[in-house]
1. In peptide A:187-199, how many Cβ atoms from other protein chains are near each Cβ within 10 Å, on average?
2. So if we plug the beta-carbon distance of residue A:274 and residue B:141 into 1/(1 + (r/R0)^6) with R0 = 60 Å, what FRET efficiency do we get, rounded to 0.05?
3. With a cap of 16 neighbouring Cβ atoms within 10 Å, and only residues DSSP puts in a loop, list the trypsin sites (Lys or Arg not before Pro) found in the stretch A:26-97.
4. Could you tell me how many cubic angstrom of Cα convex hull volume the stretch B:72-137 has per residue?
5. Considering only the protein assembly as shown, what is the antiparallel percent among its DSSP beta bridges, to the nearest 5?
6. What does the charge add up to near residue B:152, with Lys and Arg as +1, Asp and Glu as -1, over the other residues with Cβ less than 15 Å from its Cβ?
7. Determine Rg/Rh for the protein assembly as shown; Rg is computed over alpha-carbon atoms and Rh is the Kirkwood hydrodynamic estimate from the same atoms.
8. Which trypsin sites (Lys or Arg not before Pro) from the stretch B:269-336 combine a DSSP loop assignment with at most 16 other Cβ atoms within 10 Å?
Amino acid sequence: MTAATTPAGAKPISASRLPGLAFLLIVASAVVMAVLVLMPLFTVFHDAFSKGLGKYLDSIREPDALAAMRLTLLVSGISVPLNAAFGVAAAWCIAKFEFRGKSVLLTLIDLPFSMSPVVSGLVWVLLFGAQGWFGTWLIDHDVKIIFATTGLVLATILVTFPFVARELIPLMQDQGADEEAAALTLGASGLTTFWKITLPNIRWALLYGVLLCNARAMGEFGAVSVVSGHIRGLTTTLPLHVEVLYNDYDFVGAFAAASLLASLGLVTLVLKTALEWRHAGELAANRRH
Amino acid sequence: MPVNSLPTADTDAPSRLSLEISGISKSFGRFPALKNVSLQAKDKEFLALLGPSGSGKTTLLRVLAGLEQPDAGEVRFDGEDFLAMPVRRRKVGMVFQHYALFRHMTVVQNIAFGLKVRKRSERPAKSEIDDRVQNLLSLVQLEDLGKRFPSQLSGGQRQRVALARALAIEPRMLLLDEPFGALDAQVRRELRRWLREVHDRAGVTTVFVTHDQEEALDLADRVAILKDGELKQLGTPNEVYENPADPFVYDFLGAACRMPGVVAGNRLTVADWETVAEKGAPQGPVEVFFRPDEVAFAPTDGAGLAGEVKAVAQRGPDVRVECLVEGQLLELAAHGPSLPAGVAPGLALRIKPLRPRIYPVAG
């Protein structure tokens, strides 16, 4: 408390009032946090287990739930590595080279952040849906994108595109291109330089970005909802599965599936905090958030 | 110190040209960084590129390394077309201004990097790499710090690691970008001598970039002075210091006093002082330059520029004398014995530049 360090008699009113106010603010935020975050989190687990552990396990082991989990893993398993690769490539271009249209590229990378996920899903329907631009051609050639895994992957990629790139760009800009230049003069090839110099220098930030990207990919609802078609056991990812069950008044099933997503969130949070704690200096996040 | 990992300097054909730069131009967008620069370096020569910031010296160094491609011109090294060669094949050892050590590698790993990334057929055996790294570590006097990471080293130590790393590949040419830029004055002077020793022992053509004229004159065999992307003068330290090509070089290489004057025939007139103009001096209005320590003090009835002493400051044998000459306050330097007794503030005297240099008035 600042009151202890203030000389006696100097501005006694503000010195005593400020800590009191700070204390009130802390209590207020704690209450808000409890109501808005902890209580819902508690509700999820409470309702999931409301009919006992057996019922909980049953609804998780149900074929549609397993299919939804598999699909979620598949979709994020495809889109996260792709976005990691795109993100590294984009960050590398932007941070290490000067070229025309750099700021346009930067803005484009940010676009998914400022766009409603529903739009990110809808664009694919407009392109590849039955009535879309390429719809007839796709039907003629028997290629299914909308209401299929491909569509889910596309929608997820679009929504989660900025996570890795945004994490890497400030860090790589900070590090500059001198180490790469040094490696080249020492006789390393471009590829060796990338694997031995560039990648090790960004590994923790990359992991951090991948973590956030994965959390979003697995939890994405809006964009995938548009392209999914909600075919049970076929095109429902875990978040969509929650919605389907909830609309069917299967509350235990819905909350059981939701508890899996909530756990994913908690694991992500722990890993994220651990990374921030161990490798603070190598994460751009600390300068941005 | 064991230096058997370095190529030994052979003595034959010491004046053979090794580096030939001709007509190099390079622009960044609309900014011309280098304008038609041509210069040569002899085999095993220590060449300094000296200039103020923005003079293009670092760009030239990066062109030599292959990190920048010039818009026009040619670079040949030992007769080979260097520009056609990618960076990695040029075998130039480069020490970057901020060292660019690999931060996730130890000192040993940093030094060994250039050897380990070689193709298997050209890569030395592991034991040989270890030996060579040890030799280099002792050359740069860092035997005990091999396991440290760059972040655990001081500036001077990092600089020596960067040099060892560059030498590890047995470079055909050594390029140093402001090698002492980030070090304090004391460490700087020590490393300067040591770097010259390493160069002499390694026998590699070395090009180094600096903005510090004292460093360049002290260290290099020849100095190339650049300004605004143009080569102003190239010569030995003595040549450029004694015979600066233009006012910029004169001014850049050391403290300078500057007075307006007029040349008519073989007579030079500066204020009320008249003297013989050097042969071939430009006619008409000129600028006269002289070094503050190359003056003779004379009584008012002698020859020279009339002036008045404003201040005298003595530091050991060196005396700084501030004189008002023709409305201009000149800071002159003298050694104790060369200063006549009785020079004190308020004294009127005459100052005679001993070796005035005459340049035409810049247009």
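1. Per-residue shielding by partner chains comes out at 4.
2. That gives a FRET efficiency of 0.90.
3. Here the sparse-neighbourhood loop sites are A:51.
4. Cα-based convex hull of the stretch B:72-137, divided per residue, equals 141 Å³.
5. DSSP beta bridges in the protein assembly as shown are roughly 80 percent antiparallel.
6. +4
7. Checking Rg against Rh, the ratio lands at 1.14.
8. Answer by residue number: B:279.
Each value in this text was obtained by applying a stated rule to the coordinates, not by laboratory testing. Everything numeric in this text was worked out from a predicted model, so none of it was measured. Glycine gets a Cβ as well: all are built from the backbone with ideal geometry, and neighbour counts include every protein chain shown.
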